[in-house]
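Inspection log for the structure reproduced underneath, given as structure tokens.
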Number of protein chains: 2
Amino acid sequence: SENKQARLRSTLAMDHKQAEFSTTISVSSRGPSNLAVVKYWGKRDFDLVLPINSSLSATIHLDTLCSSTTIEANQSFQRNEMWLNGKEESFLQPRLQRCIQELLSRAQDLKNDSNIIVKKSEWKNFKLHIRSSNNFPTAAGLASSASGYASLTKCLAELFCVKEEFDGELSTIARQGSGSASRSLDGGWVKWNKGELSNGIDSFAVQIASDEYWQEIRLLILVVNTHKKKISSTSGMQTSVETSDLLKFRAEKIVKQRILEMEKAILDRNFEKFAELTMKDSNQFHAICADTFPPIYYMNDVSRRIVNFIHDQNRDRIKAAYTFDAGPNAVLFVRNDDIESILTALFEEFPPSNRNRESIISDSLSLLNVAFLKSLKCIPSSAQHNPDLPIDAIQSITVTKVGPGAEITSTHQFS
Amino acid sequence: SENKQARLRSTLAMDHKQAEFSTTISVSSRGPSNLAVVKYWGKRDFDLVLPINSSLSATIHLDTLCSSTTIEANQSFQRNEMWLNGKEESFLQPRLQRCIQELLSRAQDLKNDSNIIVKKSEWKNFKLHIRSSNNFPTAAGLASSASGYASLTKCLAELFCVKEEFDGELSTIARQGSGSASRSLDGGWVKWNKGELSNGIDSFAVQIASDEYWQEIRLLILVVNTHKKKISSTSGMQTSVETSDLLKFRAEKIVKQRILEMEKAILDRNFEKFAELTMKDSNQFHAICADTFPPIYYMNDVSRRIVNFIHDQNRDRIKAAYTFDAGPNAVLFVRNDDIESILTALFEEFPPSNRNRESIISDSLSLLNVAFLKSLKCIPSSAQHNPDLPIDAIQSITVTKVGPGAEITSTHQFS
């Protein structure tokens, strides 16, 4: 990289004009997914992606679920290009355009030592090749727009040398790509304030506690087997805003207090309170979906069985909290000390078939004890004895924890 | 019967004292079930069964679903007895006791011509043998407490010669047996006003239109196959009152207006509006259940598939409305002109197995055309091609209409 930059400097010295047309600048980033424990549902402004209520999330560790983005910029590229998971997508998507324009308008000079390599006014002449991919299956119904737009915003900001003028400014840009992306720039526990202004400048995300703050928390992502198509959250929430009377009441009267209580529960590391609020908020979000007309159902019978299972597990002591986004998959919050007992009970309640037994758990962060993992595989499979439950009702279990925010993995490279 | 009464008179003349100890008086009645289109969910007073919101229902024709009650009264019976569907039940159940006491306190003299057979002060000395049974399976999750307590109240009132002092007075008594029973004394379309007073005297039901008023309406009762146990509505609604914030909002802010609109839709015979309100209210009731903590799920994946099916059917023109009570079974409201097309589409979407094909439809009122019924049985069964759907997802379809209220089937008989 230093060699490359030395070469670049001599190239620039030799022929500034020529370099401008032949040099490709590249930057790479990763962005994490996040999981709302107080849900975002409903926009008050569709174009600016301004929500009707504040929300709060845990950033899912980057090494478990993330989007990776590489942007190459060159003034001599023939055209702008966008590739998502290896498939070309339109560069003219309004949300993508909006993020690029917002960041271009904040572009600064790219300097190397004291030389200006790209003047801020020149960035608009660059064409971009954007390549983004997710390290997790999009079909599984795990939100990828949050990680995608967080990664993209982080990457473009680095490319264009954008500096935040206030804490959270970048989140107002990621927000315009995908609302929940605003919460993925920071790691740990992140609150997205709905804001009051009509231009959206006060609708940004702030970290309330880092990923180091509450170390004992583990997340179990349970992917529920389903053939059904889901309704996109964008269209679903719009229908809810238009038709659900309960949604208005939730947004206006309930969420504000709930956010305050949730923040306190996290800062106090009060798992019981955190779990109660998380479960209640997930339930209320799905209640709003059911009150939408026509009603929207994201959870299925297996999802509901997971809910009942967790309430059974919590009978004597709160061991776990469930939350469901706009799909049938559950995410469980569990303290590290309880993860083994919850996983054991989960294997007994939802026995995987022998075919799925070896591969059902992903533990990329090595959070589980190897001996325990082996013992789990010895629980007898009794799927065939449970006529109510489809085979492999739970398709996969991903074990992870709260992690850091979006990051630059490779800064300005020249070729 | 006239012979019996003549014999009775001579017995009374011979030995008044002896007759009193040897004569059994019997009365019989039938009570219909009803289906709420604006749902009752939540009590503000548990003992008096005072609801937190008004509700509105259609009385289901007696010849389709009803409870039948026979009460025998005799001063010389050794003890009070209560038999439900052939099984002895405790006579000390508080709700049963309350209904009996309320009616006893309003008892009048039983007269025959000008003779007083039983003085009002004597009724308290009679012991009762109550036998009640339902002509529909209790396991199917079709509310039988409404028909049961309506039938019982009607029967006891007749036995004790109670006269209503105001229209709906008997419904305040049936209400104390089971809230929804208050709406089953009258036929047609019945509104239960929640009332304001703490003694409950203004929490009664009134007929807003008779069963003759809106002739084209048909009801299809779809019993959904399930092995799951249901949570009783009594305990479910209590948990909702205690834990759901949305419930309070619904009761205080939404239902009043909805009742007014529903009444108007029925009086205008405006099916589109009626259907929309019915579906929205059913959805909101289940949203409240999902917002309860722990959440209550009465609908299952088949129920939700029926909802989606109806919205598909309604795409061009509103043909049907669904409503779900505290269970997975659907009731559809359909105009007579659309019943054949809805049933045909239903058979295509939820094909019965060949085993169930002949018996799936019950049409005790002969509302369906015989040729159509035969044609329905020729739709090919493709259950095996639909992996998402359990075999015989819909177990039975009962075709009926709005009917008359509770009725006396046999007045004072003596033996």
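Here is the tail figure for the protein assembly as shown: Cα pairs spaced more than 38 Å apart come to 53 percent of all pairs.
Using only Cα atoms and rounding to the nearest 10 degrees, what angle (0 to 90) does helix A:271-291 make with the longest principal axis of chain A? For helix A:271-291, the angle is close to 90 degrees.
Please compute the Kirkwood hydrodynamic radius of the stretch A:15-93 from all pairs of different C-alpha atoms, in Å with one decimal. Please list the in-between numbers first.
Working: mean 1/r = 0.0614 Å⁻¹.
Result for the stretch A:15-93 stands at 16.3 Å.
Which whole number gives the average count of other chain Cβ atoms within 10 Å of the Cβ atoms across peptide A:303-313? Intermediate values should be presented prior to the final figure.
Working: counts 2, 7, 2, 0, 4, 3, 0, 1, 3, 1, 0.
Partner Cβ neighbours, averaged per residue: 2.
Against chain B, whose longest principal axis comes from its Cα atoms, helix B:255-267 is set at around 90 degrees. Name the lysines eligible as straight-distance cross-link partners of B:Lys253: C-alpha to C-alpha under 21 Å, and not fewer than 8 places from it in the same chain. Answer for B:Lys253, where 21 Å is the Cα cut-off: A:Lys248, A:Lys253, A:Lys256, B:Lys39, B:Lys43, B:Lys191, B:Lys194, B:Lys264, B:Lys273, B:Lys280, listed by chain and number. A straight line joining the Cα centroids of the stretch A:197-245 and the stretch B:169-187 runs 45 Å.
Summed over both chains, the area buried between B and A is near 2600 Å², taken from the accessible surface of protein heavy atoms with a 1.4 Å probe. Highest mean packing first, where packing is the average number of other Cβ atoms within 10 Å per residue, the peptides A:148-155, A:200-207, A:309-316 line up as A:148-155, A:200-207, A:309-316.
Report the FRET efficiency, 1/(1 + (r/R0)^6), for B:Lys120 and B:Glu252, where r is their Cβ-Cβ distance and R0 is 30 Å, rounded to 0.05.
Computed FRET efficiency for B:Lys120 and B:Glu252: 0.10.
Each peptide in B:263-274, A:32-43 was scored by the mean count of other Cβ atoms within 10 Å over its residues; highest first, the order is A:32-43, B:263-274. Here is the size of the stretch B:217-401 from its Cα atoms: Rg then Dmax, 17.5, 52 Å.
Sorted shortest first, the distances from the A:Asn354 label point to those of the same residue in the other copies are 3.4 nm; each point sits 7 Å from Cα along Cα-to-Cβ. Inter-copy label distances for A:Ile408: 9.1 nm (label point placed 7 Å from Cα along Cα→Cβ; shortest first). Here the scattering of chain B is modelled by Debye summation over its C-alpha atoms, one equal scatterer each and no solvent; at q = 0.07, 0.09, 0.11, 0.13 Å⁻¹ the log10 of I(q)/I(0) is -0.36, -0.59, -0.84, -1.10. Helix-only arithmetic for chain A: the sum of -39500 (n - 2.57) across DSSP H runs with n ≥ 4, divided by the residue total, places the mean residue ellipticity at 222 nm at -10000 deg cm²/dmol. Net charge of the neighbourhood of B:Glu169, taken over other residues with C-beta under 13 Å away and scored Lys/Arg +1, Asp/Glu -1, is -2.
Amide H to amide H distances under 5 Å link B:Gln395 with B:Val223, B:Val224, B:Asn225, where only residues 5 or more positions off or on other chains count and H is placed in the peptide plane. Between this copy and the others, label points of B:Lys256 are 2.3 nm apart in ascending order, each placed 7 angstrom from Cα in the Cβ direction.
Relative to the longest principal axis of the Cα atoms of chain B, helix B:339-349 runs at roughly 60 degrees. Across peptide A:278-288, the average count of Cβ atoms from other chains found within 10 Å of a residue's Cβ is 5.
Among A:Arg106, A:Arg250, A:Arg79, the largest mean-square fluctuation in a Gaussian network model of chain A (Cα springs under 10 Å) belongs to A:Arg79.
From other protein chains only, count the Cβ atoms within 10 Å of every residue's Cβ in A:238-247, then give the mean. If you can, show how the numbers build up before the last one.
Details: counts 0, 0, 0, 0, 0, 2, 5, 10, 12, 2.
Mean partner shielding for this stretch: 3.
The values are calculated or read from the model by the stated rules, or taken from the named source; none is laboratory data. These figures come from a predicted structure and were not determined experimentally. Please note: Cβ atoms are built from the backbone with ideal geometry, for glycine as well, and neighbour counts cover all protein chains shown. Protein only, heavy atoms only, side chains kept; ligands, DNA and RNA dropped before computing areas. Shrake-Rupley method; radii C 1.70, N 1.55, O 1.52, S 1.80 Å.
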